[in-house]
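**Student:** Okay, handing you the structure first.
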Amino acid sequence: MSKKTRTPSFDQVLDTLRAHSFDVAPYAGVAGGVVVSKHGAGAVLVPGPQKDAPLAFAIHPGALVKGEVARLLDRGYQKFLKTSQYELPASASQLHAIHEFTEELKLLLGDVSLYNESLGTTSDVYEYDRLEGREAVTSAPARPWELGGGH
């Protein structure tokens, strides 16, 4: 006989995180949001829209900079931490803290851990300077071997 798996509520998940030394505090920037932090990294969680998903990420994991969860920006040559006010280069210790925090949080939440995320820290935004400006659509080059004008 199969057993039903019981999905914990949002408050039960927060209690589990507190029991594993995560700091949990209300977050004013998102309605019903709670900032969860540890190791100098954090994420903002909100109650999930569905019964089988008790929570969702309002802000994905990132380093804490002046009380704000920073997004990780990859520019090809270096990673940066971007907040609403600051943009600063990410250090190796910050990247390690984000990776450790994310792995531990996903383990406790029962979330799927993907192979590429297990190898290292993945960025939220990728902006490569060599690709800048390629979005403009250019017309196709002329093809003199094709006949035009209905001939």
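**Student:** Looking only at the stretch 125-150, filter to residues that are modelled with pLDDT under 70 and surrounded by 10 or more Cβ atoms within 10 Å (Cβ to Cβ); which one of those is nearest to Val36 (Cα to Cα)?
**Tutor:** Tyr126
**Student:** Related question: Take the conditions modelled with pLDDT of 90 or more, assigned to a helix (DSSP H, G or I) and among the hydroxyl-bearing types (Ser, Thr, Tyr) and apply them to Ser93. Does it pass? If you could, list the steps in order and put the result at the bottom.
**Tutor:** Working: modelled with pLDDT of 90 or more: yes; assigned to a helix (DSSP H, G or I): yes; among the hydroxyl-bearing types (Ser, Thr, Tyr): yes.
Spelling it out, Ser93 is indeed modelled with pLDDT of 90 or more, assigned to a helix (DSSP H, G or I) and among the hydroxyl-bearing types (Ser, Thr, Tyr).
**Student:** Report whether or not Val44 is modelled with pLDDT under 90 and not aromatic (Phe, Trp, Tyr).
**Tutor:** So Val44 does not fit the description; no.
**Student:** If Ser37 satisfies every condition in (1) at pLDDT 90 or above; (2) more than 17 Å from Leu109 (Cβ to Cβ) but one, which is the exception?
**Tutor:** So the condition that Ser37 fails would be (2).
**Student:** Okay, next question. Can you name every residue in the stretch 7-29 that is modelled with pLDDT of 85 or more, of a type in the set (A, V, I, L, M, F, W, C) and in contact with a strand residue (DSSP E or B) (Cβ under 9 Å, 6 or more places away or on another chain)?
**Tutor:** Residues satisfying the conditions are Val13, Leu14, Leu17, Phe22, Val24, Ala25.
**Student:** Only one residue in Val46, Val36 is closer than 25 Å to Ser118 by Cβ and either out of contact with any Pro (no Cβ under 6 Å at 6 or more places or on another chain) or surrounded by 12 or more Cβ atoms within 10 Å (Cβ to Cβ) (or both). Which one?
**Tutor:** Val36
**Student:** Filter the stretch 21-71 down to residues that are assigned to a loop (DSSP other than H, G, I, E, B) and under 26 Å from Ala90 (Cα atoms), then give me how many there are.
**Tutor:** Residues of the stretch 21-71 that are assigned to a loop (DSSP other than H, G, I, E, B), as a first pass: 21-22, 27-33, 39-40, 48-54, 66-67, 70.
Still in the running and under 26 Å from Ala90 (Cα atoms): 21-22, 27-30, 33, 39-40, 66-67, 70.
Of the residues in that region, 12 qualify.
**Student:** List every residue pair whose Cβ atoms lie under 7 Å apart, where the two residues are 6 or more positions apart in sequence or sit on different chains, the first residue falls within the stretch 98-112 and is free of Cβ contacts under 8 Å to residues at least 40 places away in the same chain and under 14 Å from Ala56 (Cα atoms), and the second residue, located anywhere, is outside any helix (DSSP H, G or I) and hydroxyl-bearing (Ser, Thr, Tyr).
**Tutor:** Close Cβ pairs (under 7 Å, with a partner that is outside any helix (DSSP H, G or I) and hydroxyl-bearing (Ser, Thr, Tyr)) amount to Lys106/Ser113.
Residue-by-condition table, conditions (1) surrounded by fewer than 18 Cβ atoms within 10 Å (Cβ to Cβ); (2) under 20 Å from Val125 (Cα atoms):
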| site | (1), (2) |
| --- | --- |
| Ile59 | no, yes |
| Lys66 | yes, no |
| Val69 | no, yes |
| Asp74 | yes, yes |
| Ser84 | yes, yes |
| Glu100 | yes, yes |
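The values are calculated or read from the model by the stated rules, or taken from the named source; none is laboratory data. These figures come from a predicted structure and were not determined experimentally. Cβ: placed from backbone, ideal geometry, glycine included. Neighbour counts: every protein chain shown.
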